[in-house]
Amino acid sequence: MKFALALIAASAISLVASTASAQTKETLTIDLPNDAATLDPHLQWNTDSYSIYRNIFDNLITRDASGTIVPQIATSWKYLDDTTIEFKIRDDVTFQDGSKLTAEDVAFSIKRIVDPALKSPQLSQFDQIKSAEVTDPVTVKITTKSAYPALLAQLVKLSIVPKAYVEKVGNQEFNQKPMGSGPYKLTEWKKGIETDLEAYGSYWRGKPPFQKVVFRAVPDVSTRIADLKTGKADLIRDVPPDQASSIKDGSSTQLFSGPTERVGYLYINAESGPTKDVRVRQAIAYAIDKQGLVDALLEGYGAAVNVVGAEPVFGYTDKVAGYDYDPEKAKALIKEAGAEGATLEFLTSPAYSRALVEAMQQMLNDVGFKVDIASSDQATFLKRRQGDAANAGSLAFGAWSCACQDADGIIFPLFRSGSIWAKYKNDKYDALVDEARSILDETKRKELYAQAYEILRQDVPGLGLYQVYALYGAAKKLKWEPTANEALFVMDMSWQQ
Amino acid sequence: MAQYVAQRLLQAIIAIFGVLTIVFVVMHLSGDPTLLLVPQDASAEMIAQLRSQLGFDRPIGVQYLDYLGGLAHLDFGDSIVQRVPALDIVLSRLPYTIQLAAGALVVAIGFGIPAGVLMATNRGGIIARILSAVVVTGQSVPTFLSGILLIFVFGVTLRWLPTSGSGDFASMIMPSIALGALSMSTFARMTRISIIDELGKDYVRAGRARGLSLSQVVARHVLRNASIPVITIAALEIGNLLAGAVIIETVFAWPGIGQLAIQSIQSRDFLVVQVIVLLISFVYVLTSVLADLVYVIVDPRIRLVR
């Protein structure tokens, strides 16, 4: 009898539960390739970590769907002079423990991330900031070392952490039990398995779309796709282009593809080896069929570009002509330079698509080079690529994004002499990009970048190949619009009935 | 016996120390975690600064002595990537690896040994042929392929089992089979060979002459005598199963130390790698000592002497 009663009770409960879940989606499950490295937003800056922790925290400012910088914790800002900017702070925001977010927390967050003692890998993005001070309860004044036009673009990445809580529990504990003012609070972090978040009821922007969010760590892409197809996951990241169509045509799945600010490019060593000759570099540029790469290897999920940059990036220009695919011109230039049969070392690592590298190898061999692929693990690859020019190979593929949508974050680190990535020196170019990062006038900056891009076109220390499209697989009912900076804000998603 | 164990442990400590040193040197020479930690637009000065904050600019000898100094106090250091004690990270993953290894061992022994016995006693028969086909398949299909095939058939198409995860018994089945398949084949082949060896011996004929059936002889006498090589294999296989689950753990998103090892090596998270290496070498040594001790119990003729 007791058993029968229990059975009835259980079935009643499950009936209630099933009707409830038919109305709203309780838990959103997202498969990422890895677990977060840290949940302290001021420590690791990698896609898996920030995909998770940026849902726990708010940022000082953010970008809207069109990519424009808009207020979040700040309501407005204005430049007092070239190196001083003043932010007004919302006064209706609370942290997840109920305490109020104030200007003190904002100043603390900035000081914390630039404090060498924290050893933050993100320091380089904020090291132009000299100081942050609170001038009244809703105002913070930030001073930079010199005029710094990319400041706002960098501040988009700054999460606001609660001063009192961080000081109370210490850095180590804060990383384990982070607490912010964002739409979701951490319930449990099962290291290496999953991170469980729960909606924060008093979130200032309104009720978050799902009561719970689970981020799972699923390293193998076939498994992520299997999870999506069986409904174990509602959203998966990093779908390879050759798997896109099976998700697009799936009965219960859909494909989100969005152009990003990330650009696939070919680095060409201008300081050492056969590619020291500019004609050889130009020949390489003519020999690569960019559209062919996009069509054949990316299944069309990409767009060929004319420069090392893409449309969502400030400073991008469509005025500079790109190199057209012209193998005959390439052959002529090679002959002129006397570089027939020259051996080019193509550095790569498992982080980059082997098929893409081999396709370019084939294209270059077709016009008369001999390309050797040197594959190593990522740490070794970086050591060579960023090290001495003589040992940095002739070619390497990369997919670059500064997540700041500013040319200063792309062509400055890639080609300004003295930067670890640059194997190229041109004083005129250096002067242009130096000036562009030290003035605030937007029109003037655009002009400078157009000139800089023109020099890069002639010298070809690198070749822009294509704008990367981010590919996500999702359950059919999920509504979301991926953004150019590859952010993953659950607050922007919803579930369609 | 106590002297024997002490001797083996001393050897083990020397071996583990050697492994640690080699891994330390190789990891440090082949790359620097700083480059993997910083955002790509970091300048050379910023990288140098972080490198010095993390202590990687010191000579490798100094770093090594520093590390050994920590070890002497049982301080295994902090993970550079996660900023928590390396030992905690590894220990939190260990139960999953043990669980999976146990599941795989159950598959391997539970299927492998009976299959070996049948293959030995039914030589040339239809059952033996079918079983040897299964054994060869288990041995030759690479785990990344069998793992994905299992997921596709039982996860996506039939929907009987979860495609990934680690929460419950159901999610353990596919990884255990995929991981245990290779060991299963090894067990089956070893069992078959040692039983065939034993079957030719006089005591078997004597038993048969006394009127015992073949299966009675096998069950009562042969199995015990054939078990010594199988125990040796089992000891090695336990080590292999604990250390070799890298691919399976990645395919099934199983959060064990194999997956952790790969990720830590890729991100040059030195101290986590060191703890894993320490642990795995310890397990290898421990299982081989245990195997020696089990020999004595199974076969009293064996004496543990130098």
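Search the stretch B:243-299 for residues being among the acidic types (Asp, Glu) and outside any helix (DSSP H, G or I), and hand back the single one that is farthest from residue A:194 (Cα to Cα).
Kept after step one, since they are among the acidic types (Asp, Glu), are these residues of the stretch B:243-299: B:249, B:269, B:292, B:299.
Those still in the list that are outside any helix (DSSP H, G or I) too: B:269, B:299.
Details: B:269: 20, B:299: 48 Å.
The residue in question is B:299.
Residues that are open to solvent by 50 Å² or more (accessible area, probe 1.4 Å): list the helices (runs of 4 or more DSSP H) wholly contained in the stretch A:306-421 that include at least 2 such residues. Before you say what the answer is, go through the steps one by one.
Details: elements: A:327-337, A:354-366, A:378-386, A:411-415.
Ranges flagged: A:327-337, A:354-366, A:378-386.
Could you give me the residue pairs with C-beta distances under 8 Å whose first residue belongs to the stretch B:253-279 and is more than 9 Å from chain A (Cβ to nearest Cβ), whose second residue is open to solvent by 30 Å² or more (accessible area, probe 1.4 Å) and of a type in the set (Asp, Glu) wherever it lies, and which are 6+ apart or on separate chains?
Matching pairs, first to second residue: B:271/B:78.
Since residue A:126 meets every condition but one in (1) farther than 30 Å from residue B:34 by Cα; (2) within 14 Å of another protein chain (Cβ to nearest Cβ), which condition does it not meet?
Tallying (1) farther than 30 Å from residue B:34 by Cα; (2) within 14 Å of another protein chain (Cβ to nearest Cβ), residue A:126 fails exactly one: (1).
Restricting attention to the stretch B:47-70, which residues are among the small types (Gly, Ala, Ser), in a helix (DSSP H, G or I) and within 35 Å of the chain's Cα centre (by Cα)?
Within the stretch B:47-70, the subset among the small types (Gly, Ala, Ser) is B:48, B:52, B:55, B:61, B:69-70.
The next check asks that each one be in a helix (DSSP H, G or I); those that pass are B:48, B:52, B:61, B:69-70.
Answer for the stretch B:47-70, where residues must be among the small types (Gly, Ala, Ser), in a helix (DSSP H, G or I) and within 35 Å of the chain's Cα centre (by Cα): B:61, B:69, B:70.
Would you be able to say whether some residue in the stretch B:71-93 is of a type in the set (Phe, Trp, Tyr) and outside any helix (DSSP H, G or I)? Before the answer, list the steps.
Keep residues of the stretch B:71-93 that are of a type in the set (Phe, Trp, Tyr), which gives B:76.
Then keep just the ones that are outside any helix (DSSP H, G or I); that gives B:76.
Yes.
When the stretch A:196-220 is examined, which residues are found to be away from chain B (no Cβ under 14 Å) and not in a strand (DSSP E or B)? Quick ask: steps written out before the conclusion?
Quick first cut of the stretch A:196-220, residues away from chain B (no Cβ under 14 Å) only: A:197-213.
A:200, A:201, A:202, A:203, A:204, A:205, A:206, A:207, A:208, A:209, A:210, A:211 - these are the residues of the stretch A:196-220 that are away from chain B (no Cβ under 14 Å) and not in a strand (DSSP E or B).
Going by what's in this entry, would residue A:253 be described as outside the structural domain of residue A:406 (by TED's automatic domain parsing), free of Cβ contacts under 8 Å to residues at least 24 places away in the same chain and buried (at least 18 other Cβ atoms within 10 Å of the Cβ)?
Details: outside the structural domain of residue A:406 (by TED's automatic domain parsing): yes; free of Cβ contacts under 8 Å to residues at least 24 places away in the same chain: no; buried (at least 18 other Cβ atoms within 10 Å of the Cβ): yes.
Taking the combined requirement at face value, the residue does not satisfy it.
Per-residue answers, yes or no, for (1) without any contact (Cβ under 8 Å) to a residue 40 or more places away in the chain; (2) open to solvent by less than 10 Å² (accessible area, probe 1.4 Å):
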{"position": "A:177", "(1), (2)": "yes, no"}
{"position": "A:188", "(1), (2)": "yes, no"}
{"position": "A:198", "(1), (2)": "yes, no"}
{"position": "A:204", "(1), (2)": "no, no"}
{"position": "A:209", "(1), (2)": "no, no"}
{"position": "A:213", "(1), (2)": "no, yes"}
{"position": "A:220", "(1), (2)": "yes, no"}
{"position": "A:227", "(1), (2)": "no, yes"}
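Filtering the stretch A:352-391 down to residues that are of a type in the set (Lys, Arg) and within 12 Å of chain B (Cβ to nearest Cβ), which residue is nearest to residue A:275 (Cα to Cα)? Can you show your working first?
At the first step, the residues of the stretch A:352-391 found to be of a type in the set (Lys, Arg) are A:354, A:370, A:383-385.
Retained after the next criterion (residues that are within 12 Å of chain B (Cβ to nearest Cβ)): A:383-385.
Details: A:383: 20, A:384: 17, A:385: 15 Å.
Residue satisfying both the conditions and the ranking: A:385.
Would a scan of the stretch B:81-101 turn up a residue that is over 30 Å from residue A:45 (Cβ atoms), more than 14 Å from chain A (Cβ to nearest Cβ) and surrounded by 13 or more Cβ atoms within 10 Å (Cβ to Cβ)?
So the first thing to find is which residues in the stretch B:81-101 are over 30 Å from residue A:45 (Cβ atoms), and the list is B:95, B:98-101.
Narrowing further to those that are more than 14 Å from chain A (Cβ to nearest Cβ): B:98, B:101.
Add one more test, that the residue is surrounded by 13 or more Cβ atoms within 10 Å (Cβ to Cβ), and what stays is B:98, B:101.
Yes: one or more hits.
For the stretch B:24-44: of the residues being closer than 17 Å to residue A:387 by Cβ and more than 9 Å from chain A (Cβ to nearest Cβ), which is least open to solvent (accessible area, probe 1.4 Å)?
The qualifying residue least open to solvent (accessible area, probe 1.4 Å) is B:28.
If I ask for residues that are surrounded by fewer than 20 Cβ atoms within 10 Å (Cβ to Cβ) and touching a residue at least 40 places away in the same chain (Cβ under 8 Å), which ones from the stretch B:194-220 would you list?
If the condition is that a residue be surrounded by fewer than 20 Cβ atoms within 10 Å (Cβ to Cβ) and touching a residue at least 40 places away in the same chain (Cβ under 8 Å), then B:196, B:199, B:214, B:215 are the ones that fit.
Could you please give the count of residues in the stretch A:399-434 that are touching a helix residue (DSSP H, G or I) at 6+ places or on another chain (Cβ under 6 Å) and charged (D, E, K, R)?
Number satisfying all stated conditions: 3.
Suppose we keep only residues that are acidic (Asp, Glu) and under 13 Å from residue A:426 (Cα atoms) within the stretch A:442-465. Which one would you say is nearest to the chain's Cα centre (by Cα)?
Let us first name the residues in the stretch A:442-465 that are acidic (Asp, Glu), namely A:442, A:447, A:454, A:459.
So of that shortlist, the ones also under 13 Å from residue A:426 (Cα atoms) come out as A:454, A:459.
Numbers: A:454: 26, A:459: 28 Å.
Per the criteria, the residue is A:454.
Within the stretch B:2-19, does at least one residue satisfy the condition of being within 14 Å of chain A (Cβ to nearest Cβ) and either of a type in the set (D, E, K, R) or open to solvent by 40 Å² or more (accessible area, probe 1.4 Å) (or both)?
Just the residues of the stretch B:2-19 that are within 14 Å of chain A (Cβ to nearest Cβ), to begin with: none.
No, there is no match, as no residue in the stretch B:2-19 is within 14 Å of chain A (Cβ to nearest Cβ) and either of a type in the set (D, E, K, R) or open to solvent by 40 Å² or more (accessible area, probe 1.4 Å) (or both).
Those residues that are buried (at least 23 other Cβ atoms within 10 Å of the Cβ) and within 27 Å of residue B:93 (Cα to Cα), I need them from the stretch B:178-193; list them, please.
In the first step, residues of the stretch B:178-193 are kept if they are buried (at least 23 other Cβ atoms within 10 Å of the Cβ); the result is B:178-181, B:183-185, B:187-188, B:191-192.
Passing the criteria: B:178, B:179, B:180, B:181, B:183, B:184.
If I ask for residues that are of a type in the set (Asp, Glu) and within 14 Å of chain B (Cβ to nearest Cβ), which ones from the stretch A:239-274 would you list? Let's see the steps before the verdict.
The first filter runs over the stretch A:239-274 and keeps only residues of a type in the set (Asp, Glu), leaving A:242, A:249, A:261, A:271.
The answer is A:261, and nothing else.
Does residue B:72 satisfy the criteria of being touching a residue at least 24 places away in the same chain (Cβ under 8 Å) and small (Gly, Ala, Ser)? Walk me through how you get there before you give the answer.
Values: touching a residue at least 24 places away in the same chain (Cβ under 8 Å): no; small (Gly, Ala, Ser): yes.
Judged against the criteria, residue B:72 is not a match.
Among the residues of the stretch A:107-165, what is the count of those that are farther than 22 Å from residue A:180 by Cα and among the β-branched types (Val, Ile, Thr)?
Going through the stretch A:107-165 one residue at a time, the tally reaches 4.
Keeping to the stretch B:250-290, report how many residues are within 28 Å of residue A:232 (Cα to Cα), buried (at least 21 other Cβ atoms within 10 Å of the Cβ) and aliphatic (A, V, I, L, M).
The qualifying residues number 5.
Answer yes if at least one residue in the stretch A:258-281 is free of Cβ contacts under 8 Å to residues at least 40 places away in the same chain and either within 21 Å of residue A:415 (Cα to Cα) or buried (at least 22 other Cβ atoms within 10 Å of the Cβ) (or both), and no otherwise.
The answer is yes, given that some residue of the stretch A:258-281 is free of Cβ contacts under 8 Å to residues at least 40 places away in the same chain and either within 21 Å of residue A:415 (Cα to Cα) or buried (at least 22 other Cβ atoms within 10 Å of the Cβ) (or both).
Run residue A:215 past the list (1) closer than 21 Å to residue A:472 by Cα; (2) over 22 Å from the mean Cα position of the chain (by Cα) and report the number of the one that doesn't hold.
(2)
Working only within the stretch B:1-53, note down all residues that are touching a residue at least 40 places away in the same chain (Cβ under 8 Å), among the aliphatic types (A, V, I, L, M) and within 22 Å of residue B:292 (Cα to Cα).
B:1, B:5, B:9, B:12, B:15, B:16
Within the bounds of the stretch A:73-90, is there any residue that is under 21 Å from residue A:170 (Cβ atoms), among the small types (Gly, Ala, Ser) and open to solvent by less than 50 Å² (accessible area, probe 1.4 Å)?
Initially, the stretch A:73-90 is screened for residues under 21 Å from residue A:170 (Cβ atoms), giving none.
No: the stretch A:73-90 contains no residue that is under 21 Å from residue A:170 (Cβ atoms), among the small types (Gly, Ala, Ser) and open to solvent by less than 50 Å² (accessible area, probe 1.4 Å).
Does the stretch B:162-172 hold any residues that are of a type outside the set (Gly, Ala, Ser) and facing chain A (nearest Cβ under 10 Å), and which are they?
Within the stretch B:162-172, B:162, B:163 qualify.
Conditions: (1) open to solvent by 40 Å² or more (accessible area, probe 1.4 Å); (2) in contact with a Phe, Trp or Tyr (Cβ under 7 Å, 6 or more places away or on another chain); (3) aliphatic (A, V, I, L, M). Residue B:231 meets all but one. Number of the miss?
(1)
Give the residue, chosen from A:132, A:164, that is farther than 13 Å from residue A:55 by Cα, open to solvent by 10 Å² or more (accessible area, probe 1.4 Å), more than 14 Å from chain B (Cβ to nearest Cβ) and touching a residue at least 24 places away in the same chain (Cβ under 8 Å).
On the way: A:132 fails: open to solvent by 10 Å² or more (accessible area, probe 1.4 Å).
When all the criteria are applied, what remains is A:164.
The values are calculated or read from the model by the stated rules, or taken from the named source; none is laboratory data. Since this is a predicted model, take the numbers as computed values, not measurements. Quick reminder, even Gly has a Cβ in these numbers, built from the backbone with ideal geometry, and neighbours come from all protein chains shown. Surface areas here come from the heavy atoms of the whole protein model, side chains and all, with no ligands, DNA or RNA. Shrake-Rupley method; radii C 1.70, N 1.55, O 1.52, S 1.80 Å.
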